[in-house]
Each structure stands twice: as C-alpha cells, then as structure tokens.
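The values are calculated or read from the model by the stated rules, or taken from the named source; none is laboratory data. Note that the coordinates shown come from a computational prediction; the quantities given were computed from them, not determined experimentally. No Cβ is skipped: glycine too gets one built from the backbone with ideal geometry, and neighbour counts run over all protein chains shown. We work out accessible area using only protein heavy atoms, side chains counted, and drop any ligands, DNA or RNA first. Shrake-Rupley method; radii C 1.70, N 1.55, O 1.52, S 1.80 Å.
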Amino acid sequence: NAGVMQNPRHLVRRRGQEARLRCSPMKGHSHVYWYRQLPEEGLKFMVYLQKENIIDESGMPKERFSAEFPKEGPSILRIQQVVRGDSAAYFCASSFSSATEAFFGQGTRLTVV
Amino acid sequence: AQKITQTQPGMFVQEKEAVTLDCTYDTSDPSYGLFWYKQPSSGEMIFLIYQGSYDQQNATEGRYSLNFQKARKSANLVISASQLGDSAMYFCAMREANQAGTALIFGKGTTLSVSS
C-alpha cells in the first residue's frame, strides 16, 4: 500500500517559468491538502481538494497559484511565473475523510533561480 | 493570535532519557483534533500521534504519549527512552471541525537533538 507520492522531489525553475507539482494520494483517499513550508517555518495550509472540487483555497495566493484534483490522475499544484519567494518545500497530504488523520508525501523542494 | 504555539525552538536530551515537547493551542471550537508530526533532516513529515478533543484518555503510540490538558489547552508530546533517531523537528498541529477545509494548523516546530 504505497503512501502519498509526490513528484518531482526536487524542482529547479528560473524566474518566470512555470512549476507543476504532482501528488498521488494514498489508495482509497479522496481528500487532498497542499501545504507550503518556508525555511525554518512550520507548514502553512494552501488548499484543500476533493475529487474534481476545490473545497477551501483560503491559503492560496491570489495570483499565479492554482490547484486541481481531476477525476483521474494526481492532484496538481501549478505555479505560474515563479519568483524567488516561491522557493519552498511543498507538501501534499491525503486522508480518507475530513475526520481522519492526514498522511504526508515526502514533499517537493522548489528552488527558483 | 497564534493558534498553535510551540515555545521551545530547540531541546537537547541524552539517549534513554524522556523528553517533553510543549504545545499550546487556541480554539473556541468544542470539537477539534491535535496531531504531532516528526520531520527528520530528510524532510518528510511523519505522523506520530493523534488526540481528539473528546477523548477521555491521553493518546499513546509506543514511546510517544500525548499529555492532553484540555482546561489548559495544552497537548505536550512525551517521548520516553529517547533514541538517536529521534533527532528531528517536531510539529504540533490542530484541526478544527468547524472549518470547511478542516486543514491542519501547524506550530513553528521544536528541534530535538538526542546525544549519546
């Protein structure tokens, strides 16, 4: 039973490029959460999705960031026109329901140069 | 106001000793969950232990136990018989049931260093 899979583990982008981060939840999990961790900080919530629906995007920056969780395939966090301040670790978590514990992937470390 | 407060930026302990990592929380929701995660230097987030606000007993998972004091709004993690492999960052987190997202709110973390 594979855990939450995130890829790539490391991603380097030049300023102005697009970054696409993928997250495959654990089998049977339909709730996906994205978090961002800046250096020396705790994780900050970005967006909560269920299949084909965004439930809560209150933590998402208003511009350049978007997320989706299609009926088939992984959840995608997309960052357009990346800037240096986007450099961070991005974690995906999944849960069976909103009331059960969330399991995290290993994260994607985005570096913008 | 901080929803989750971890006041210890760093803690040091010797192998085989017990250590307590502090966590206080702030919520007006009667239904909530409290979580502890471990983040080793490799970066992954490892779920350790969960305590529900209505649970009568303190949660335990192997060497981990949660000292839940509801009136004081504290949920300290106790690690018994520390091991070198326990050296990591530890995050306390809360989920409030009345929030649509039911997302986790994290503290800033405590770095635990275990020495031999």
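Using only side-chain charges placed at the Cβ, +1 for Lys and Arg and -1 for Asp and Glu, the dipole size of the range B:21-116 relative to its Cα centre rounds to 120 debye.
Using a 1.4 Å probe over protein heavy atoms, the accessible area lost on pairing A with B, summed over both chains, comes to approximately 1600 Å². Cross-link reach is defined here as a Cα-Cα straight distance under 17 Å, omitting same-chain residues fewer than 8 places apart; for B:LYS38 the aspartates and glutamates meeting it are A:GLU40, A:GLU41, A:GLU101, B:ASP22, B:GLU61, B:ASP86. The lysines whose alpha-carbon is closer than 21 Å to the alpha-carbon of A:LYS62, local same-chain residues fewer than 8 away aside, are A:LYS44. When chain B is treated as a GNM with alpha-carbon contacts under 10 Å, the residue of B:SER80, B:SER31, B:SER53 showing the greatest mean-square fluctuation is B:SER31. The accessible surface of chain A, taken with every protein chain in place and a 1.4 Å probe, is 47 percent carbon and sulfur.
The accessible-area loss of the range A:41-59 on complex formation, taken against its chain alone with a 1.4 Å probe, reaches 10 Å² or more at A:GLU41, A:GLY42, A:LEU43, A:PHE45, A:TYR48, A:ILE55, A:ASP56.
Karplus-derived 3J(HN,Hα) values for the range A:68-82, using 6.51 cos²θ - 1.76 cosθ + 1.60 with θ = phi - 60°, are 8, 9, x, 4, 10, x, x, 7, 10, 10, 10, 10, 8, 6, 4 Hz; glycine and proline are entered as x. In terms of its C-alpha gyration tensor, chain A has a prolate overall shape, because the principal axis ratio a/c (a ≥ b ≥ c, square roots of the eigenvalues) is not below 1.5 and a/b outweighs b/c. Counting only residues at least eight positions apart within a chain, or on another chain, the lysines with an alpha carbon under 18 Å from that of B:LYS70 are B:LYS3. Against the empirical 2.2 N^0.38 Å (N residues), chain B has a Cα radius of gyration ratio of 1.03. Spherically averaged projected area of the convex hull of Cα atoms, the protein assembly as shown: 12.8 nm².
3J(HN,Hα) along the range A:105-112, derived from phi through the Karplus expression 6.51 cos²θ - 1.76 cosθ + 1.60 where θ = phi - 60°, amounts to x, 7, x, 10, 9, 9, 10, 9 Hz, with x in place of Gly and Pro.
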